[in-house]
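Shown next, in structure tokens, is the structure this report addresses.
Every read-out reported here was derived from the displayed coordinates using simple, explicitly stated rules and does not represent laboratory data. The structure displayed is predicted, hence computed values, not measured ones. We place every Cβ from the backbone using ideal geometry, glycine too, and count neighbours over all the protein chains shown.
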Ligand SMILES: [Zn+2]
């Protein structure tokens, strides 16, 4: 049996996220030990792969795999709060088996397009343990504490505490400024601030209204019996509020969406947490009728862009390649910047070691995002 195998391909991706011809890879199992372009080291016998594009795997920086069972349940163009109501209504009706099967199918479909790592948000303590033991899943798991008023917020804290006592492999996190109470913010800060947090922030302009205790989010909270006016939030913008409760004092912050972030919000974030990442979930925003107008402001901020899909409730798949294609077609972000965000920027930000990154061959594809997205299922180097 060969311990090492050397393969050559037609097109590869450089560390600068540029396509270049004639890549070679030294692989052991599914690990790429070394790679380069041009002639491979001549002491090795090498194998030539079929034509196509070879890239290191893509990182999905925001998903809710648990909600894969919600595919096609929410009409296109629904409002954020309508989505919330529909998810709430369906939750109790699904069997654990159907939730798990939909999750596994979604992970496999994304992997067939080169996505290998997820920053995934779970809502239930049962599902987060299921993911931990699922061989198909690779990534960071966040347990989201939902609950805006007492006592439901405290109940979730107790459940999270109990699980943390026996399993320290996940991160507790909050949903958003309107989905998690100040008490939950404080709990997460104490438990996880030396690690990482993922929070939905300024997804829709309704969050700006919410600060004034009006608009659709406030109405929604009233409807589900969770409305309360927390003094910690009074008179503060979302960013100021998070700062005041210590929710910005994390080593790694994934600020999800920022679709409705104003210049002043982005300026504040750039000042308080220039080391944070923001995660774009473009297709999900479109699905919920949310239009982004801050492309340029974010591009010129120090915040690092990463790419997510959100869940199948508001997206057709969890494939970062399809997400890149949709963003690229918007004409606001270059192919190069998208590829960086899906690969090297994400590995660096999330501290994913080189030896954990599988490489994928997109058979017959040309070196561009659209052609890759149209290729048949991608193959993992070394898996055959
Ligand atoms: Zn989300």
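General observations
- Fraction of beta bridges assigned by DSSP in the chain that are antiparallel (%, nearest 5): 40
- Computed on the range 64-183, with alpha-carbon pairs under 8 angstrom and 6+ residues apart, the relative contact order is 23 percent.
- Taking the chain and dividing mean pair separation by its residue count, relative contact order in percent (alpha carbons under 8 Å, at least six apart): 23
- Cα gyration tensor shape for the range 105-181, rounded if a/c is under 1.5, else prolate or oblate: prolate
- Which of 325, 30, 39, 252 has the fewest Cβ neighbours within 10 Å, and the rest in rising order: 39, 30, 252, 325
- Degrees between helix 96-111 axis and first principal axis of the chain (Cα, 0 to 90, nearest 10): 40
- Computed [θ] at 222 nm, deg cm²/dmol, the chain (DSSP H ≥ 4; -39,500 (n - 2.57); rounded to nearest 500): -10000 deg cm²/dmol
- Neighbour-count ranking [beta-carbon atoms within 10 angstrom, fewest first] of 264, 10: 264, 10
- Shape of the range 58-353, Cα gyration tensor, a/c cut at 1.5: rounded
- Cα gyration tensor shape for the range 42-84, rounded if a/c is under 1.5, else prolate or oblate: prolate
- For the pair the range 263-322 and the range 35-114, the centres of their Cα atoms are 18 angstrom apart.
- Sorted ascending by nearby beta carbons within 10 Å, beginning with the fewest, 229, 20 become 229, 20.
- For the pair residue 230 and residue 20, a Förster radius of 45 Å applied to the C-beta separation gives a FRET efficiency near 0.25, rounded to the nearest 0.05.
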